[in-house]
Amino acid sequence: QVQLVESGGGLVQPGGSLRLSCAASGSIFSIYGMGWYRQAPGKQRELVAGITSGGSTNYADSVKGRSTISRDYVKNTVSLQMNSLNAEDTAVYYCNTLPPLAWGQGTQVTVSS
């Protein structure tokens, strides 16, 4: 019933920044924790950043210090700001609940010169 649509991906140079956004069809952010996940070529899907219903955040070591996850209760969106991007950040990024339910199409992030 809940639809999650990711956007904001694209091609960015190393050292650049992107802001990913996830729009939800329902008012779920006050109930569930949300997370941004990613899956790089040849690798398992991993949790990049999470935010609980209470607002607590957690980040993977690989993005800690250069990423920020945030929520907008009015717009029903969850965003991920990523700075100082490098090639290892290249992946398809997905938003989902914590724990995740069904996966959407995600948004492609490619970091390359």
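Quick one: would you say Leu80 is outside any strand (DSSP E or B), open to solvent by less than 20 Å² (accessible area, probe 1.4 Å), of a type in the set (A, V, I, L, M, F, W, C) and in contact (Cβ under 8 Å) with a residue 24 or more places away in the chain? Before the answer, list the steps.
Numbers: outside any strand (DSSP E or B): no; open to solvent by less than 20 Å² (accessible area, probe 1.4 Å): yes; of a type in the set (A, V, I, L, M, F, W, C): yes; in contact (Cβ under 8 Å) with a residue 24 or more places away in the chain: yes.
Spelling it out, it is not the case that Leu80 is outside any strand (DSSP E or B), open to solvent by less than 20 Å² (accessible area, probe 1.4 Å), of a type in the set (A, V, I, L, M, F, W, C) and in contact (Cβ under 8 Å) with a residue 24 or more places away in the chain.
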Checklist line | Residues of the range 91-113 classified as part of a strand (DSSP E or B), within 13 Å of the chain's Cα centre (by Cα) and not hydroxyl-bearing (Ser, Thr, Tyr), total | finding: 6
Item checked: Answer residue from the range 30-66, given it is in contact with a Pro (Cβ under 9 Å, 6 or more places away or on another chain) and part of a strand (DSSP E or B) and is farthest from Leu4 (Cα to Cα) among those -> Leu47
Next item on the list: Kindly indicate the residue of the range 67-104 that is of a type outside the set (Phe, Trp, Tyr), in contact with an Asp or Glu (Cβ under 7 Å, 6 or more places away or on another chain) and closer than 19 Å to Gln3 by Cα and also modelled with the highest pLDDT among those meeting that condition.
Entry: Cys95
Notebook entry, point to check: Is it the case that some residue within the range 40-61 is among the polar types (S, T, N, Q), open to solvent by 30 Å² or more (accessible area, probe 1.4 Å) and closer than 22 Å to Ser113 by Cα?
Noted result: no
Check: Gly33 passes all but one of (1) over 11 Å from the mean Cα position of the chain (by Cα); (2) open to solvent by 20 Å² or more (accessible area, probe 1.4 Å); (3) in contact (Cβ under 8 Å) with a residue 60 or more places away in the chain; which number fails?
Finding: (2)
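The values are calculated or read from the model by the stated rules, or taken from the named source; none is laboratory data. For clarity, every value in this text was computed on a predicted model and none was experimentally measured. Methodologically, a virtual Cβ is constructed for each residue, glycine included, from the backbone with ideal geometry; neighbour enumeration extends over all protein chains shown. Note: areas computed on protein heavy atoms with side chains; ligands, DNA, RNA excluded. Shrake-Rupley method; radii C 1.70, N 1.55, O 1.52, S 1.80 Å.
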